[in-house]
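First comes the structure, then the notes that go with it.
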Amino acid sequence: RYTHVSRELDQDILVLIPPDDPVKLVCLTLRNNGDRPRRLSATYYAEWVLGTVRENAPLQVVCERDPETGAVLARNAWAGSFAGQVAFLGTGPSARGVTADRTEFLGRNGSVSAPAALDRVGLSGRVGPAHDPAAAVMTDIVLAPGEATERVFVRGQAESLDQVRRLIAAYTAAGRAGEVLAEVQQRWDHLLDAVRVRTPDPGMDLMLNRWLLYQVLACRVWARSAF
């Protein structure tokens, strides 16, 4: 969870992964603490790999837009056993503009710290082959004084377009992100509280209880990394 307060806006970003679905959620909550209405936009940006080497993506990854959800979809026919999978980024019916062109979003010689697209109004909707593949999804936000709102961005990979639509609809529903957070916390409590160690050294207890169990399971067993 990342929190920030600036320009009379309370900003809260919650990042989490549901226990049982192949998606990542980024939940943005904004509150207008000022005395005037605010018109804002929020944009999620990601670069597709769908393989092992980012440099191969422009030759292999093809993007399109789902007309029903507004999500950016990406496929890689050269991805072996993953060739039939559909990667996606969406935010439900609140999506206003998208692009699947990395150069359009970042600009020539641009970077994520100052993307060129955010100096313009909206995104072009450009998708299809022959682009450097990425996904940017923009949504509009209007806040009255004292009002708060939530936007949930969903990124993942599914076996079919129907599953993509189901996942986006399910996880962008109002209040669903809070329910997922409770489920995730409950799952980790069940795993990490199974073993409790008590030693004469409080620092050792802090390391062994929950933290090292989490690290071994998440890094070594699941991610197969950080040996």
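The values are calculated or read from the model by the stated rules, or taken from the named source; none is laboratory data. This is a predicted model, so every value here is computed, not measured. Cβ: placed from backbone, ideal geometry, glycine included. Neighbour counts: every protein chain shown. Surface accessibility is based on the protein's heavy atoms, side chains included, excluding ligands, DNA and RNA. Shrake-Rupley method; radii C 1.70, N 1.55, O 1.52, S 1.80 Å.
Structure summary
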read-out	value
Identified option (computed volume of the Cα convex hull per residue in Å³; candidates (i) 203; (ii) 170; (iii) 125)	(ii)
In the stretch 1-88, chymotrypsin sites (Phe, Trp or Tyr not before Pro) in a DSSP loop with at most 13 other beta-carbon atoms within 10 Å	W78
Packing-based order for 13-21, 163-171, using average beta carbon neighbours within 10 Å, highest first	163-171, 13-21
Loop trypsin sites (Lys or Arg not before Pro), the stretch 1-72, which have at most 11 other Cβ atoms in a 10 Å radius of their Cβ (DSSP)	R1, R7
GNM flexibility winner over the chain from L118, L30, L213 (Cα, springs under 10 Å)	L213
Candidates A117, A77, A57: whichever shows maximal mean-square fluctuation once the chain is modelled as a Gaussian network with Cα springs under 10 Å	A77
Surface accessible to a 1.4 Å probe, T199 within the full protein complex, Å²	40
Accessible-area order (highest first, 1.4 angstrom probe) of the listed residues V180, V142	V142, V180
FRET efficiency, 1/(1 + (r/R0)^6) with R0 22 Å, evaluated for H190 and R220 via beta carbons	0.70
Cα gyration tensor shape for the stretch 40-109, rounded if a/c is under 1.5, else prolate or oblate	oblate
Within a Gaussian network of the chain (alpha carbon springs, distance under 10 Å), most fluctuating of R75, R126, R187	R187
Contour excess over end-to-end distance, with Cα ends at S41 and D12 and 0.36 nm allotted per residue	9.0 nm
Gyration tensor (alpha-carbon) shape descriptor, the stretch 97-178, a/c threshold 1.5	oblate
Förster radius 35 Å - calculated FRET efficiency between T103 and S160 (Cβ-Cβ, nearest 0.05)	0.70
Rounded if a/c under 1.5, otherwise prolate or oblate - the stretch 144-188, Cα gyration tensor axes	oblate
For the chain, calculated [θ]222 nm from helices alone, where every DSSP H run of n ≥ 4 adds -39500 (n - 2.57)	-5500 deg cm²/dmol
